[in-house]
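Here is the structure we will look at.
The values are calculated or read from the model by the stated rules, or taken from the named source; none is laboratory data. A quick note: this is a predicted structure, and the numbers were derived from the prediction, not measured. Here Cβ is always computed from backbone atoms with ideal geometry, including for glycine, and neighbour counts include all displayed protein chains. Protein only, heavy atoms only, side chains kept; ligands, DNA and RNA dropped before computing areas. Shrake-Rupley method; radii C 1.70, N 1.55, O 1.52, S 1.80 Å.
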Amino acid sequence: MYIFILSSTGGTVACECTERHFHINDDWIIVEAVDENNQPVPFGTQSAKVLLTNLANKICPIIRFEITDRIILHKEPYACGNSRPWLTLEGRTDDILVFGNGIKFAPLPLYAILKEVQGIERFQLIQHVNDRLELWLIAKNKQEQFAKAKQAIEAHLRQNGVDAKIYLSNSDPSADPISGKFKHVVAKKS
C-alpha cells in the first residue's frame, strides 16, 4: 500500500516508497522549502512553509504558490533506490492524525475529501481516542451532507488500512480558543 501527498493546487506532490519515505514528483512539481520570508532553508531543516510550482499545468500556471505545510527536504539516497529528493511532512496548522494501528494521515487528503461534498459550508474533523472521528458541520442539510461525508471519509480510510468510527457532532466548527487559529483537522488526546 502506497500513500500519496496531494495538493489541490499541485496534484500529486510526492509518492511513498517501499521504505515509507515521500519522494517528490520533481518532473511535475517544484517544491521549495522556505522560511517565513520565502528564503530557502537548507536540506534537513524544517521549513515554515512551502512554495509550490506545478510544471504540468499549461492552462493555468501555478508558480511559487504558498502552502502553509511545514516540511523537511532530504536529498540523501535511501535504501529504496529512488534517487529523487524526498520530504518529511511536518504538517500545517491542522494536525496529523495517528490511528491505533500506527497509520498516519496528513490533513490535506481528508480536507480535500470534505471540501468536495456539496452543501457543506464549513467543517471540522476531530479525532478522539479509539479511532473515533467527530465531524462538526455547518451545512444546508446536516444529516444529508454528513451521510455523504461519512461515506467518502470511511472509504478513503479503509482503502488505506484504517477502520474508524465517524459520528456527527451537535457543535459547529470553531477556532481554537487559545491560539485563535482555525483547524479543519484536529487530533485530540482524550
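Ranked by accessible surface with a 1.4 Å probe, highest first, in what order do Asp176, Asp163 come? If you can, show how the numbers build up before the last one.
Numbers: Asp176 65, Asp163 105 Å².
I get Asp163, Asp176, largest accessible area first.
The base-10 log of I(q)/I(0) for region 16-85, evaluated at q = 0.15, 0.17, 0.22 Å⁻¹, reads -0.53, -0.67, -0.99 [Debye formula, identical scatterers on Cα atoms, solvent excluded]. Among the trypsin sites (Lys or Arg not before Pro) found in region 13-74, those both in a DSSP coil and sparsely packed, with 12 or fewer other Cβ atoms within 10 Å of their Cβ, are Arg20, Lys58. Remark: the Gln143-Asn101 segment gains 12.2 nm on full extension, using 0.36 nm per residue and subtracting the alpha carbon distance.
For helix 142-159, what angle does its Cα long axis make with the longest principal axis of the chain, in degrees from 0 to 90 and rounded to 10? Here the helix axis deviates by roughly 40 degrees. When cysteine pairs in the chain are screened for C-beta atoms closer than 4.7 angstrom, the residues that find no partner are Cys15, Cys60. Give the Debye-formula value of log10 I(q)/I(0) at each listed q (0.21, 0.23, 0.27 Å⁻¹), with one equal scatterer per alpha carbon of region 90-153, two decimals each. One equal scatterer on each Cα of region 90-153 leads to -0.87, -1.01, -1.25.
Between beta-carbons, use under 14 Å as the cut-off and find the net charge around Gly102, counting Lys and Arg +1, Asp and Glu -1. Provide the component values of the computation, followed by the final result.
Values: positive: Arg20, Lys104; negative: Asp131, Asp163.
Neighbourhood net charge equals 0.
Label-to-label distance, Asp27 versus Cys60, with points set 7 angstrom from Cα along the beta-carbon direction: 2.6 nm.
3J(HN,Hα) couplings calculated from phi for region 22-31 with the Karplus curve 6.51 cos²θ - 1.76 cosθ + 1.60 (θ = phi - 60°) are, in sequence order, 9, 8, 6, 7, 6, 8, 10, 9, 10, 10 Hz; Gly and Pro show x. Of the trypsin sites (Lys or Arg not before Pro) found in region 126-167, those that fall in a DSSP loop while having at most 14 other beta-carbon atoms within 10 Å are Lys140. A simple rule links phi to the HN-Hα coupling: the Karplus curve 6.51 cos²θ - 1.76 cosθ + 1.60 with θ = phi - 60°, which for region 108-120 gives 4, x, 5, 4, 4, 4, 5, 5, 7, 6, 4, x, 7 Hz, with x for Gly and Pro. What part of the accessible area of the chain, given as a whole %, is carbon or sulfur when the probe is 1.4 angstrom? Solvent-exposed carbon and sulfur of the chain make up 52 percent of the total. Estimated from helical segments only, the mean residue ellipticity of the chain at 222 nm is -4500 deg cm²/dmol, where each DSSP H run of four or more residues counts as -39500 (n - 2.57).
The stretch between Ile113 and Asn37 holds 24.3 nm of extra length on full extension. This uses 0.36 nm per residue minus the Cα-Cα distance. Over all projection directions, the Cα-based convex hull of the chain averages an area of 12.0 nm². Among the lysines, select those whose C-alpha is under 23 Å from the C-alpha of Lys183, and discard any that sit fewer than 8 residues away in the same chain. Within the straight-line cut-off, Lys183 pairs with Lys49, Lys104, Lys115, Lys140, Lys142, Lys148, Lys150, Lys165.
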